[in-house]
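Report on one structure; see the data block that follows.
No lab work stands behind these numbers, since they all come straight from the coordinates. What you are looking at is a predicted structure, and each value in this text was computed from that prediction instead of being measured. Here the Cβ is made from the backbone with ideal geometry for all residues, glycine too, and neighbour counts use every protein chain on show.
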Amino acid sequence: MNFNQKELRKLAEGDARTFAALHRFFLPKIHQFALMLLKDNQDADDVCQIIFMKVWLKRKSLLEVTNLDSYLFILSKNTIIDYLSSEKMKNNDSDKVIDRIDTVTPHDNLVASDTQLLIDMVVENMPEQRQNIYRMSREQHLKNEEIAAKLGIQKKTVENHLNLALRDIKKALFLILFAPVLWV
């Protein structure tokens, strides 16, 4: 279903049927995304409920949304991050959290390996100086001051290159690992 401005206007006006249609259409995608990150069905259900509650409470602002898929994806991501950092998760049953951390499957190893390959590809395509600085920091474990001294540049330049390198890596990871999975 494609939610155009007409449907968004109905939703903004409080039309329950339109909200129900939006909920039916997007819930499976959002739930799958939440489950992928939270690894717990009940937590994913809780997050989905929070997300759709936020959509309903902020429905009047939906008229300004030009891409509903992107809006819901970003809202979902931010809600999941908030949920993970909330007191509820911090005070959660410690055995449950330990189980999540200790359970490493072959699939997890494959994902980690693929992720490292992606990072390596991104680093290979960086400008030479950024690539060198990133490798000195991450592979040789040099401090920013040491890198600056070795290369004869300012510490701030090293920090800027590292920030740009990490931004490139995060962008690639986001685009490759998360966006295509749910938002096609």
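Computed from the C-alpha gyration tensor, the three semi-axes of the ellipsoid equivalent to the stretch 113-176 are 22, 11, 9 Å, from longest to shortest. The distance between label points at residue 54 and residue 125 comes to 2.9 nm (points 7 Å beyond Cα on the Cα→Cβ vector). FRET efficiency for the pair residue 64 and residue 36, taken as 1/(1 + (r/R0)^6) with r the Cβ-Cβ distance and R0 = 30 Å, rounds to 0.55. Placing dummy labels 7 Å off each Cα toward the beta-carbon, the span from residue 77 to residue 157 is 3.2 nm.
Once the Cα-Cα distance is subtracted from the 0.36 nm per residue extended length, the residue 132 to residue 6 segment shows a gain of 40.2 nm.
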